[in-house]
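Right, one structure below, let's go through it.
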Amino acid sequence: MGQENPYQMAVKQVQSVGRLLGLKEETIDGLSKPRRELTVNFPVRMDDGHVRTFTGFRVQHNHARGPCKGGIRYHPNVSLDEVRALSMWMTWKCAVMGLPYGGAKGGIICNPKEMSKNELERMTRRFTSEIMMIIGPHKDIPAPDVYTDSQTMAWIMDTYSMSVGYPVPGVVTGKPLEIGGSKGRDEATSRGLMYVVQDAARILNIDLKSSTVAVQGFGNVGWHAARLLAYEAGCKVIAVSDSSGGILNENGLDPLEVFEHKRATGSVKDFERAENITQEELLETDCTILVPAALEDVIRRENADLIKAGIVAEGANGPTTPEADRILREKGTMVIPDILANAGGVTVSYFEWVQDLQFFFWSIEEIKKRLKDLMRSSFAAVHGVSKTQEVDLRTAAYMLALKEVVRAAEARGMFP
Ligand code: NAD
């Protein structure tokens, strides 16, 4: 993680749009603070027999519009402020997409790369039991995020279900298909991103068939984004990176070959048909579309001016600082903001939850169609506001989202 505190960044975004909308300072203050924050310190027995105490968080930012929703992250740099910021971004994302949820996020400070599968399972199950009083299918529904996956969700679902005494598939999304997962969830974030990139290209009169792409992060979001942009949208993916470094081939990389290389060697680096590049070089690659799909705070004041892509599609949450945003806007770069660009994930999570509550499952065709319709209509709404209000897409998306949340809060009124 970089230098900017992600929570301060998230608050700045709310303050600037809140004031633009003429919201009262007391309303902005309320929207800037998470409703509920739970910190848990809990023991886990490691494989060598010793006991280690882990710290985890679950933060629920706002539930005016419905139960809370948001991923769980396992990373050494997880902090309460990071989880707060991520929970706020979930609130705006669900509102932009018109999903009946508020925002939440969770995380554990740990290094999953240095833990065995058994240790990860014990840590996940104990964490679930520690946060059990605030999660549930009608309260707060976790999902995968950085270094958590469908297996992690299966353990959470099982732990929760064992505690209440019956299977509760709707307590998490991003589960394996066998226990109530949804078709299309794995690639949903990236498929949604592809749809909005196609919309953006149409508006900018860019032909995707002759466009080049650089992707930072080659995990769930980055890998599927590279794959879909190459194979379905027809772009040429020329650079990708992961935590160990990046690779570049101006003639194009085959994402599947890179995926196989990463599976075999553990990283994208040293791929034989490409040259190794640094993380900074990846971001500054001369390309049409840049997809940051790793962590927050990577496009900053220091490097924003060096970004050459005409479109930045934020697969990651919070990759661009407000200062960098201003620089990109002045340069004429179109930034498709995280709360729209990566909203395909929570959208198909919503589909999964609806299917789980009904115990009635949809075909992949139906999922893709519903996802495409929602992404397209949300992009059109955000783009429409950006035109009429003469603001960038992020400001437009925030304007729509904040208004939705405030309207819902006003309709419910204040308790008591
Ligand atoms: P993941 O754990 O599957 O992948 C993360 C990737 O980032 C890995 O390839 C890792 O090597 C790479 N990485 C880590 N540090 C890096 C660095 N400094 N430079 C370059 N690469 C680095 O995680 P994910 O689920 O793909 O999430 C990635 C981002 O997308 C996060 O910001 C997450 O919040 C966001 N996101 C994820 C989803 C989802 O459905 N998984 C949905 C919306 C947003």
Spot the failing condition for ALA397; the list is (1) touching a Pro at 6+ places or on another chain (Cβ under 8 Å); (2) hydrophobic (A, V, I, L, M, F, W, C); (3) open to solvent by 80 Å² or more (accessible area, probe 1.4 Å), and only one is missed.
(3)
Selection from segment 259-282 of residues that are assigned to a helix (DSSP H, G or I), basic (Lys, Arg) and buried (at least 17 other Cβ atoms within 10 Å of the Cβ):
LYS262
As an exercise: evaluate LEU193 against (1) farther than 26 Å from TYR74 by Cα; (2) among the hydrophobic types (A, V, I, L, M, F, W, C); (3) touching a residue at least 40 places away in the same chain (Cβ under 8 Å) and give the number of the one condition it does not meet.
(1)
Between a residue in segment 249-267 that is in contact (Cβ under 8 Å) with a residue 60 or more places away in the chain and any residue that is within 13 Å of the ligand (Cβ to nearest atom), which pairs come within a Cβ distance under 8 Å, given they are 6 or more apart or on different chains?
none
Across segment 143-180, the tally of residues that are within 12 Å of the ligand (Cβ to nearest atom) and farther than 20 Å from PHE361 by Cα stands at 7
Residues that are away from the ligand (no atom under 13 Å from the Cβ), in a loop (DSSP other than H, G, I, E, B) and open to solvent by less than 30 Å² (accessible area, probe 1.4 Å), drawn from segment 215-258:
ALA233, GLY234, CYS235, GLY252, LEU253
Got a number for residues in segment 188-213 being part of a loop (DSSP other than H, G, I, E, B) and open to solvent by 10 Å² or more (accessible area, probe 1.4 Å)?
3
All positions within segment 118-172 that are on the phi > 0 side of the Ramachandran plot and open to solvent by less than 40 Å² (accessible area, probe 1.4 Å)
GLY136
Listed by first then second residue, the pairs whose first member lies in segment 155-167 and is within 17 Å of GLU119 (Cα to Cα) and at pLDDT 95 or above, whose partner is in a loop (DSSP other than H, G, I, E, B) and open to solvent by 50 Å² or more (accessible area, probe 1.4 Å), with beta carbons under 9 Å and at least 6 positions apart or on separate chains, are ASP158/PRO167
Grab the helices (runs of 4 or more DSSP H) fully contained in segment 1-104, keeping just those with 1 or more residues being out of contact with any helix residue (DSSP H, G or I) (no Cβ under 8 Å at 6 or more places or on another chain) and open to solvent by 50 Å² or more (accessible area, probe 1.4 Å).
25-32
Restricting attention to segment 334-389, the residues that are without any contact (Cβ under 8 Å) to a residue 12 or more places away in the chain, of a type in the set (A, V, I, L, M) and under 12 Å from GLY192 (Cβ atoms) number exactly 0
Filter pass, LYS183 being away from the ligand (no atom under 13 Å from the Cβ), open to solvent by 30 Å² or more (accessible area, probe 1.4 Å) and not in a helix (DSSP H, G or I)
yes
Residue set LYS403, LYS372; condition more than 19 Å from the chain's Cα centre (by Cα), of a type in the set (D, E, K, R), away from the ligand (no atom under 16 Å from the Cβ) and not assigned by TED's automatic domain parsing to the domain that holds VAL237; output residue LYS403
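The values are calculated or read from the model by the stated rules, or taken from the named source; none is laboratory data. This one's a predicted model, so the numbers in the text were calculated from it and none came from an experiment. Neighbour counts are summed over all protein chains in view; Cβ atoms, including those assigned to glycine, are modelled from backbone coordinates with ideal geometry. Note: accessible area is taken over every heavy atom of the protein model, side chains too, but ligands, DNA and RNA are not part of it. Shrake-Rupley method; radii C 1.70, N 1.55, O 1.52, S 1.80 Å.
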